[in-house]
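In what follows, a structure is listed as structure tokens, so that the remarks can point back to it.
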Amino acid sequence: MFCGCPAEHFARKPNTQVCPVCLGLPGALPFANKEAIQNSIKFALAFDCEINKFSKFDRKHYFYPDLPKGYQISQYDSPLSINGNFQFSIFKFQIRIRRIHLEEDTAKLVHQTVDGRKTTLIDFNRSGVALVELVTEPDFTNPKDVVDFLKEVQLIARYLGISNADMEKGSMRLEANVSLATSYQLQTTIVPDYKVELKNINSFRFLTKALESELKRQKEILEKGEKVLQETRGYDENTGKTFSQRTKEEAQDYRYFPEPDIPPLKFSDVEIEKIKKELPELPSQKRKRFMDSYSLPLDYSNILTEDVGRADYFEKAVELGSKENISPKLIADMMINKKLDLEFSEPGGLIRKIIEVTKIEYASEDATNEAIRKVLKENQKAVEDYKKGKGQVLGFLIGMVQKESKGKGDPKKIEQAILKLFRKD
């Protein structure tokens, strides 16, 4: 974020992508990454945030082994953006965004045994990597909504092309502030006077379990009439429980003050509007368009838009398929239920396969009519039953014609032809 070192740190040899700035050496001066700033503004605009025309960086002081300078360059009272409102129209809820700001990441601690001793080593490759932080208002009432929202956050970052948001590679981390409100607080929208922060959780599944565990723990404490301690807790997947890490700090404990080595940031309406025009179609917009334009059900639209590459593949296949009278729904069926798109790197291959799988060479009209006459002559009782009002025998007659045609009859045309003959009678 504040130097020229590569941001790709995953699986790289430890401490090979470092410089005096990200190592926090005395006299090293930081400089802001313009692309990271612009990408963060894109991210904020995707959540309908207000972009602050004046913003600055601040020093956040705390001591921890993975923080080489003894402070983190972050943003405090003048973040890049505030007051967002993300409407989850399809999922029927909305989330207010308090702020989206930029900061630098810390180094990575590696715990391992060296020469028989338990040791903590530090890899500084990640130190200084640009980190955008999104903070919501306390609008969640259950773990499912939390995870649904965070999955959408991940998808938006990928659609914007600003991050792969891969949790396995440490490119996205989840943190939740948890507190339980009384029924009175819920009615008056008063927020509880404490919060417990669940820190650095690296999967949606573990976050769900951590939230369930922490909610259960807090409920038991409150039911005893005791007070929940404000603290930072981790989650242990082996025990399925949260555990205390440290007492939760307040803002004043970090001794924030403006970063003296980086000038403030100023943005004009023209600059903000230019970035806004560069925004691609977002997942929620694409999801709705797929439902409206292609008559796809919600679950199909969700699956096809989970990956922007797959969504593009689908639309190219639809364009090609329209020339062959192949419906978008059939293409979606083949992609979702038969995974045929995985067999072909290009949509043209998928379309050819669909034609091969579904196209039947039907019998000629004369041959079909001959088969119908024969079946009706040999099944007079069924014909009489149909004329008496037993409509279900029509399916039997169509099946017999198909059998006579050795499966090459067009069921719709057979039905139309039989009904036409009955009307004549």
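Scanning segment 259-301 for residues that are of a type outside the set (D, E, K, R), on the phi < 0 side of the Ramachandran plot and touching a Ser or Thr at 6+ places or on another chain (Cβ under 9 Å) yields P264, L265, F267, P283, S284, F290, M291, Y294. Residue pairs whose Cβ atoms lie under 6 Å apart, sitting 6 or more positions apart in sequence or on different chains, and linking a residue in segment 146-175 that is under 14 Å from V308 (Cα atoms) and not assigned by TED's automatic domain parsing to the domain that holds A11 to a partner that is of a type in the set (S, T, N, Q) and not in a loop (DSSP other than H, G, I, E, B), are I162/N39; A165/Q154.
What are the residue pairs meeting all of these: first residue in segment 393-408, first residue acidic (D, E), second residue assigned to a helix (DSSP H, G or I) and at pLDDT 80 or above, Cβ atoms under 8 Å, and 6 or more apart or on different chains? Sorted first by the residue in segment 393-408, then by its partner, the pairs are E404/A371; E404/K374; E404/V375. Scanning segment 249-267 for residues that are part of a loop (DSSP other than H, G, I, E, B) and touching a Lys or Arg at 6+ places or on another chain (Cβ under 7 Å) yields Y256, E259, P264, F267. If only residues of segment 58-101 that are in a loop (DSSP other than H, G, I, E, B) and of a type in the set (K, R) are counted, the one that is surrounded by the fewest Cβ atoms within 10 Å (Cβ to Cβ) is K92.
Can you list residue pairs whose Cβ atoms sit under 6 Å apart, with the first residue in segment 28-50 being within 12 Å of I162 (Cβ to Cβ) and the second being basic (K, R)? Count only pairs 6 or more apart in sequence or on different chains. Close Cβ pairs (under 6 Å, with a partner that is basic (K, R)) amount to L45/K276. All conditions in (1) more than 27 Å from L45 (Cβ to Cβ); (2) touching an Asp or Glu at 6+ places or on another chain (Cβ under 6 Å) hold for F124, with the sole exception of (2). For segment 129-164, the set of residues classified as in a loop (DSSP other than H, G, I, E, B) and under 16 Å from the mean Cα position of the chain (by Cα) consists of G161, I162, S163, N164, listed by residue number. Can you name the residue in segment 43-90 that is over 22 Å from the mean Cα position of the chain (by Cα) and of a type in the set (G, A, S) and is also nearest to L155 (Cα to Cα) among such residues? The residue in question is S74. In segment 326-363, of all residues being closer than 30 Å to K403 by Cβ and basic (K, R), the one that is modelled with the lowest pLDDT corresponds to K359. Can you confirm whether segment 182-203 contains a residue that is surrounded by 13 or more Cβ atoms within 10 Å (Cβ to Cβ), in contact (Cβ under 8 Å) with a residue 24 or more places away in the chain, assigned by TED's automatic domain parsing to the domain that holds D145 and part of a helix (DSSP H, G or I)? Scanning segment 182-203 turns up no residue that is surrounded by 13 or more Cβ atoms within 10 Å (Cβ to Cβ), in contact (Cβ under 8 Å) with a residue 24 or more places away in the chain, assigned by TED's automatic domain parsing to the domain that holds D145 and part of a helix (DSSP H, G or I). Looking at D333, D299, just one residue is in contact with a helix residue (DSSP H, G or I) (Cβ under 9 Å, 6 or more places away or on another chain), assigned to a helix (DSSP H, G or I), surrounded by 13 or more Cβ atoms within 10 Å (Cβ to Cβ) and not assigned by TED's automatic domain parsing to the domain that holds K151, and that residue is D333.
The values are calculated or read from the model by the stated rules, or taken from the named source; none is laboratory data. All of these numbers come straight from a predicted model, not from anything done at the bench. Reconstructed Cβ throughout: ideal geometry from the backbone, glycine too, with neighbour counts over all protein chains shown.
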